[in-house]
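In what follows, a structure is listed as structure tokens, so that the remarks can point back to it.
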Amino acid sequence: AIIAAAAVGGRSKKSSEIKEGVAFLKAQESKDPKTVEQILTEQKKAKMQAERAEMQKKLEDGTIDVWSLFGDSVIMGDSRAVGFYTFEFLPQSRVLADAGNTIANIKDHEDELVQLNPANLFLCYGLNDISIGLWSTKEDYVKDYASILDELHKMLPNTSIFVNSIIPAQQPAIDSTPVWGNIPEWSDAVHQMVKEKGFGWVDVDGLVSEHQDLYDPDSIHVQRDFYPLWATQMMLSVYDEQQAQGDGSEDVVSSSDDDAAVSSESIVSASSENVASSSGKSSSTSS
């Protein structure tokens, strides 16, 4: 009797949903097709925004362990990126970064990148690029950066490449190195190029503005507590790309802890079992 009642209830609910759908369609018949299309687009956008908010909540409250999502990802960059392994969040084998690095150093890791063949590649450069003197203008820098991205895409055709916005310096660091005051301008130029070429973008500016207390005393590096926030932003960028490609949000956002663990794999196409063991810790935190 209970099973029968449940079945009846299920059929009743489905019937009600069908009636609502039919009623909606009939109501649209008298409307202009463009108006109907706009309504449907707005509904889809609202649904996607709600699902993204749910995904972000699960990452921030720990329902989904953000670090488990980096099993098949690689981070490249300068000393700011080095913190991902010096603070022991990720194995050093997955963080190809060194103090003083610029985008010119990416070629030094080509063999490693090909061997790792990551699902996602995150680039975290800019601080030294602006101050080291290899590029006198942002236009020259963007031109070289674009060529490097094209080369990476040829080398790693199945890898999603994401460029992080350049984390700005604060005072008094800008007083000692005035060109660092140009970071926002250079970052905007890189963003425009990345957008035009269709690569992924990780906007870190909002996090920096909200958590200025998490800068180191040197006013250019960030503290340990900033890295989980940064990692979450990276994975939300992966989520956004999947949405843009129409991968389906239902596989990513779920209502239970068990489902969340499964959905984590759908974000990066790999489980945390692929994470290599970390060997050798570096204490360098210079730029």
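The values are calculated or read from the model by the stated rules, or taken from the named source; none is laboratory data. Just so you know, these numbers come straight off a predicted model, no measurement behind them. Each accessible area value is taken on the protein alone, full model and side chains, heavy atoms only, with ligands, DNA and RNA left out. Shrake-Rupley method; radii C 1.70, N 1.55, O 1.52, S 1.80 Å.
Under a straight-distance cross-link criterion of Cα-Cα below 13 Å, which aspartates and glutamates are reachable from Lys34, leaving out those fewer than 8 residues away in the same chain?
Cα-Cα hits under 13 Å: Glu42.
Determine the order of Thr102, Thr177, Thr35, Thr41 by accessible area, beginning with the largest, at a probe radius of 1.4 Å.
If we order Thr102, Thr177, Thr35, Thr41 from most to least accessible, we get Thr41, Thr35, Thr177, Thr102.
Of Lys58/Lys143; Lys107/Lys197; Lys47/Lys197; Lys26/Lys47; Lys47/Lys138; Lys58/Lys138, which ones are farther than 30 Å apart at the Cα?
Where the Cα-Cα span goes over 30 Å, the pairs concerned are Lys58/Lys143; Lys47/Lys138; Lys58/Lys138.
Contour minus end-to-end for His211 and Ser176, with contour as 0.36 nm per residue of separation and end-to-end as the Cα-Cα distance?
Computed gain between His211 and Ser176 is 10.3 nm.
Once the piece of chain linking Ser147 and Glu196 is laid out straight, how much longer is it, given 0.36 nm per residue of separation minus the C-alpha distance between them?
Going from the current span to full extension adds 16.3 nm.
Between Met155 and Phe87, 0.36 nm times their residue separation minus their Cα-Cα distance comes to what?
Length gained, Met155 through Phe87: 21.5 nm.
Where Rh denotes the Kirkwood radius from the mean inverse Cα pair distance, what is Rg over Rh for segment 137-212?
Rg/Rh for segment 137-212 comes to 1.03.
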